[in-house]
1. Nearest 10 degrees is fine. How inclined is helix 146-155 to the longest principal axis of the chain, computing both from alpha carbons?
2. Between residue 173 and residue 108, how high is the FRET efficiency from 1/(1 + (r/R0)^6) when r is the Cβ-Cβ distance and R₀ = 30 Å? Nearest 0.05.
3. Given the -39500 (n - 2.57) contribution per DSSP H run of 4+ residues, what per-residue ellipticity at 222 nm results for the chain, rounded to the nearest 500 deg cm²/dmol?
4. For the chain, what's the relative contact order in percent, using C-alpha pairs closer than 8 Å and at least 6 residues apart?
5. For the Cα atoms of the chain, what angle does the longest principal axis make with the long axis of helix 54-63, in degrees from 0 to 90, nearest 10?
6. Order the peptides 33-42, 9-18 from the highest to the lowest mean number of other Cβ atoms within 10 Å of their residues.
7. Nearest 0.05, what FRET efficiency do residue 21 and residue 96 give at R0 = 30 Å with Cβ-Cβ as r?
8. Hey, what did the stretch 1-95 get for relative contact order, percent, Cα under 8 Å, at least 6 apart?
């Protein structure tokens, strides 16, 4: 091997390692800043549902430092040209303002108001929990606009996925529902 080869192999390895490191950083930035968040709008101090452009932040990381920018906001399009001061809240505590983190904290330690089963590990993608309002209508938590979620959590009660499905069916198809007396065996089969 020539002297050039002895020089190029370590330099190439160093460049490849640095590239992999930057890609890993970019992936971490993407995971950190993706998802819907609830922030306090600096302009009116009311909750706003926002999404950071996580892809752009990750791409910026590959060549420098991530630059956060909003991709969506519940106050747009009328306030689309705002200075995006809420990004400081996201940068300071990215996990704390995630909608799923807020919802997880609310359900933690509570029981379904109908079956009394405690909420344990929540499967947010296939069996998300719901909220039951005063009219006894259940709605999935992710169907509530983010800017109203905290208010809904103050006035509604937690309900599990199974009870939400049963209540929705009962409400939409009352002619197909047969009420039977509750029995512990039947309740254990479905919950």
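1. 40
2. 0.35
3. Theoretical 222 nm ellipticity from helices: -14000 deg cm²/dmol.
4. This gives 16 percent for the chain.
5. 20
6. 33-42, 9-18
7. 0.65
8. 24
Laboratory data are not the source of any read-out in this text; all were calculated from the coordinates shown. Since the model is a prediction, treat every value here as computed from it, not as a measurement. A quick note on method: Cβ atoms are made from the backbone with ideal geometry, for glycine too, and the neighbour counts reach across all protein chains shown.
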